[in-house]
Amino acid sequence: MLPGLHVIGAGGHAKVIVELAYATGRNIAGIYDDQYERHPGVLGYTVTGPIASLPDTSNTHAIIAVGNNRFRQVIDGRFQHVTWATLIHPFSWVSPSARLGPGTVVLAGVVVQAQATLGRHVIANTGCSIDHDCTVGDYVHLAPGSRLAGGVHLGEGSFLGTKASAIPGVTVGEWSIVGAGAVVSRSLSANVTAVGVPAKVIKERPTGWQND
């Protein structure tokens with residue numbers, strides 16, 4: 001029997017993760033959120049308490065159910081001993097030659113092709129596709145319906161908006177944002193926001209900025 005899963009976060013994304021856990025045969029051992037007094041529960045589960053009450057041991061199997069990329073990075077660094085689960089929805093397809101890091105979630109309808117690599121705590125959200133030889137850095141979020149052609153590199157903490165896409169071989173720099181529906185036809189540097197077809201930079205951000 002698989003160990004119970006501790007879920008960090010109690011917002012909308014947590015609902016998706018709880019149902020993903022069901023689909024992969026996991027029971028919920030606890031739910032943790034620093035605003036637990038504002039969250040009466042998630043799909044019938046009472047929020048256990050603040051994040052600090054999560055046991056930091058190797059026997060604790062946990063997942064970070066928060067869409068904010070920077071928050072996932074912070075929580076990952078905060079808990080040094082937790083066993084981070086990797087969850088793959090049964091209605092997705094992941095190539096046997098692909099590699100997925102700890103804490104990464106692959107939601108329903110996702111396709112991950114040959115020799116793609118996804119780092120730690122990546123969100124491959126509903127119906128996105130990641131083609132052959134792509135490299136997706138730690139804490140990246142691919143929003144629903146986004147598309148990566150072959151050999152794309154997404155830097156740490158980057159975000160690809162709903163139905164955004166990237167043509168073969170381009171790079172999106174660390175902690176950059178690509179807006180919904182945008183097409184990345186040329187590589188983007190780190191810490192920028194780009195929108196449109198083709199995607200153009202509309203904002204530069206300081207290193208270490210927090211997600212909006």
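Read-outs throughout are calculated quantities, based only on the coordinates presented, and are distinct from any laboratory measurement. All of these numbers come straight from a predicted model, not from anything done at the bench. Because the Cβ atoms are built from the backbone with ideal geometry, glycine has one as well, and the counts that use them run over all protein chains shown.
In segment 123-212, a dipole from Cβ-located charges (positive for Lys and Arg, negative for Asp and Glu) runs towards its positive end, and of 188, 199, 173 it is 199 whose Cα lies farthest in that direction. Comparing 74, 42, 172 in a Gaussian network model of the chain where C-alpha atoms under 10 Å apart are linked, the largest mean-square fluctuation is found at 74. Taking 0.36 nm per residue of separation and subtracting the current Cα-Cα distance, fully stretching the chain between residue 185 and residue 59 would add 40.9 nm. Against the chain, whose longest principal axis is taken from its Cα atoms, helix 12-23 shows a tilt of about 70°. Counting only alpha carbon atoms, the long axis of helix 69-78 and the longest principal axis of the chain meet at about 50°. Computing log10 I(q)/I(0) by the Debye sum over Cα atoms at q = 0.07, 0.08, 0.17, 0.18 Å⁻¹ for the structure here picks out one of (i) -0.23, -0.30, -1.30, -1.42; (ii) -0.31, -0.40, -1.26, -1.34; (iii) -0.20, -0.26, -1.12, -1.23, namely (iii). Partner lysines whose Cα lies under 19 Å from the Cα of residue 163, excluding those fewer than 8 positions away in the same chain, are identified as 200.
Taking R0 as 22 Å, what FRET efficiency do you get between residue 15 and residue 83 from their Cβ-Cβ distance, rounded to the nearest 0.05? Efficiency, rounded to the nearest 0.05: 0.45. Spin-label model, residue 91/residue 1: points 7 Å from Cα along the beta carbon direction are separated by 2.8 nm. Gain on full extension, evaluated as 0.36 nm per residue between residue 52 and residue 115 minus their Cα-Cα distance, stands at 19.0 nm. Relative to the Cα centre, the charge distribution of segment 87-204, modelled as +1 at Lys and Arg Cβ and -1 at Asp and Glu Cβ, gives a dipole magnitude of about 220 debye. Each part gets one Cα centre, and for segment 13-56 versus segment 82-127 those centres are 20 Å apart.
Under unit Cβ charges (Lys, Arg +1; Asp, Glu -1), what dipole magnitude, rounded to 20 debye, does segment 5-84 have relative to its Cα centre?
On the way: 6 positive and 6 negative charges, 30 e Å.
Approximately 140 debye in magnitude.
Between residue 70 and residue 23, the FRET efficiency estimated from the beta carbon spacing at R0 = 30 angstrom works out to 0.60.
With only Lys, Arg, Asp and Glu charged, each at its Cβ (+1 for the first two, -1 for the last two), find how big the charge dipole of the chain is about the Cα centre; round to the nearest 20 debye. Value, rounded to 20: 340 debye.
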